[in-house]
Amino acid sequence: MTRFSSNLGFLWTELTLPDAIRAAATAKFEAVECHWPYDTDPVFIKSALDETGLPMLSMNTVRGGGNGLSALTGREIEARAAIDQAVDYAVEIGAHNIHIMAGFASGEAAHEAFLSNLRYALARVAGHGISLLIEPLNQFDAPGYFLQTADQAAEIIAEINDPNLKLMFDCYHLQIMQGDLLRLLQAMLPIIGHIQIAAVPSRAEPDEGYLDYRQILKHIEAIGYKGYIGAEYHPCRTTDAGLGWREAVT
């Protein structure tokens, strides 16, 4: 049975993050995830999570003026400070994963910087029960982002060779960049740490656009994925007004 997680980076953004967690629980989501929670005292996040019983699946390292820092040469000190910040916060709230944002970069030097910072991050989360995620972003929404395809992510994960480093498989981004999602999901399943969905091309509720999420979610279940499905979309109106998509795709 599909279990949905609410991405509070896009949903209920008019509320404080603790209240958005409570709204997700009221709306019967089974988990939450967020982008950058750092402006909120982690005590309040932990309290809302404990109150609702929802797990916090993931959070991101800071953007650092762009879309992350970890693949940027010459900014290793900032990148590792961002990793330290994320790990400390994740430990306080009990987050399961940290998405290490790569930033706008390219080339071999950026690749090596990313590997180095990922190794640093893996050492920092050791013993905390936290895994790391890396996520390819499409080149229309994030032109110049270092990590662009699932295949590139798979090569990095193989090179690092640590079971705590996984792929964030965002169906929206990867449909735009690669397509053929059913085969891609099957191929990447051993390294997938989390899956996210949104309509293509609008990035709105998943029951519109040209992706048939009813078929995709059945396929995800059939190939043996056991995790949550993250709802990371921009609501067309209010979050609450659009929640009927869950019945439409399951």
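Rule-based calculations on the coordinates, nothing more; no lab input. Bear in mind the structure is a predicted one, so any value in this text is a computation, not a measurement. Every residue, glycine among them, receives a Cβ derived from its backbone with ideal geometry; neighbour counts consider all protein chains shown.
What to note about this one:
- Residues of type lysines that LYS218 reaches as a straight line, Cα spacing below 23 Å, ignoring anything fewer than 8 places off in the same chain: LYS28, LYS166, LYS226
- Taking amide H as placed 1.01 Å from N in the peptide plane, the amide H of ILE229 sits under 5 Å from that of ARG3, PHE4, SER5, each at least 5 places away or on another chain.
- Distance between region 180-236 and region 14-73 - C-alpha centres, whole angstrom: 21 Å
- Calculated from backbone phi, Karplus (6.51, -1.76, 1.60) coupling profile of region 83-88 in Hz, x at Gly/Pro: 5, 4, 4, 5, 5, 4
- Exposure rule at most 14 other beta-carbon atoms within 10 Å, DSSP loop trypsin sites (Lys or Arg not before Pro): the chain longest free segment: 64-225
- Percent RCO, i.e. relative contact order, over the chain, from Cα pairs under 8 Å lying at least 6 residues apart: 18 percent
- For LEU11, no residue has an amide H sitting under 5 Å from its own, ignoring neighbours fewer than 5 places away on the same chain, with H placed 1.01 Å from N.
- DSSP beta bridges in region 4-249 [antiparallel fraction, %, rounded to 5]: 10 percent
- Amide H to amide H, with H built 1.01 Å from N, MET168 comes under 5 Å of ILE134, GLU135, GLY193, counting only residues 5 or more places away or on other chains.
- Cα shape, the chain, gyration tensor, a/c 1.5 rule: oblate
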